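Following: one structure in structure tokens, then a few remarks.
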Amino acid sequence: MRRIDVAGTSSGAGKTTLVCTMLEALDGWAALKTSTHAERAARHGRPCLVTDPTVLATPGSDTARFLDHGAVRVAWLRATPETLERDLPGALATFADLPGLIVEGNSPWARVRGDRLVLVVGRDPVERVKRSAATIAADADLAVLDAGPARDGAERWLDQVAPDVERVRADLRSSGDPGLCEIVRRVVTWSRA
């Protein structure tokens, strides 16, 4: 099974939108949403792997969007930083029979590396960049820079933490955007390697 991780500099950076676009281009692929926050896991109940179709298909949720965009299987791993290392291998194993998996989230890459890492650099101010993004940025195969309005230093931040990472500027909300088309072309190539 091939695995591509999609991480982001902040909540709302565009990870889910990019994952949806990738799923449309990758036949037979699945998606694993990861949430790794002590407070979020507590709010949603104990850490666990959610596979209940009624929960995953909740309108407006990231997992419902993955299903709507062609994922053949979806799961949501809710973990704390302490339980992620224990729970991630089992979650990944549930997709072993498929040709590929997109993992959305920053923390999985640091625990069990996939084949490729795409880092979405959002428009948020540098102060909002997640610490987890800084720790994995240099590992990225590709950094996607939001083509929208100024990112308040996000690109300068990337220059500091991952100066050698290749970058593509893309409008993630526009299916015909040349940058987005380039990203999809690369992802399809990676899926066949």
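The values are calculated or read from the model by the stated rules, or taken from the named source; none is laboratory data. Just so it is clear, the model here is predicted, and its values are computed rather than measured. Reconstructed Cβ throughout: ideal geometry from the backbone, glycine too, with neighbour counts over all protein chains shown. Ligands, DNA and RNA are excluded from the accessible area calculation, which covers all protein heavy atoms including side chains. Shrake-Rupley method; radii C 1.70, N 1.55, O 1.52, S 1.80 Å.
Structural remarks
- Build a GNM of the chain with springs between Cα atoms under 10 Å apart, and of R113, R78, R86 the one that fluctuates most is R86.
- Equivalent ellipsoid semi-axes - Cα gyration tensor, the chain, angstrom: 24, 20, 16
- Residue list for the stretch 113-129, given a label point 7 angstrom along the Cα-to-Cβ vector of L49 and an amide N cut-off under 19 Å: 113-115
- Residue of D97, D62, D159 that the Gaussian network model of the chain assigns the largest fluctuation, springs spanning Cα pairs under 10 Å: D97
- Share of carbon and sulfur in the accessible area of the chain stands at 49%, probe radius 1.4 Å.
- Under 10 Å, Cβ to Cβ, from A143 - net charge with Lys/Arg +1 and Asp/Glu -1: -1
- For the chain: relative contact order, % (alpha-carbon pairs under 8 angstrom, 6 or more apart): 29 percent
- Seen from W190, the other residues with C-beta closer than 15 Å to its C-beta sum to a net charge of 0, counting Lys and Arg as +1 and Asp and Glu as -1.
- The stretch 125-174: radius of gyration over Cα atoms, expressed as a fraction of 2.2 N^0.38 Å: 1.10
- Considering only V165, V144, V74, the mean-square fluctuation computed in a Gaussian network model of the chain, springs between alpha carbons under 10 angstrom, is largest for V165.
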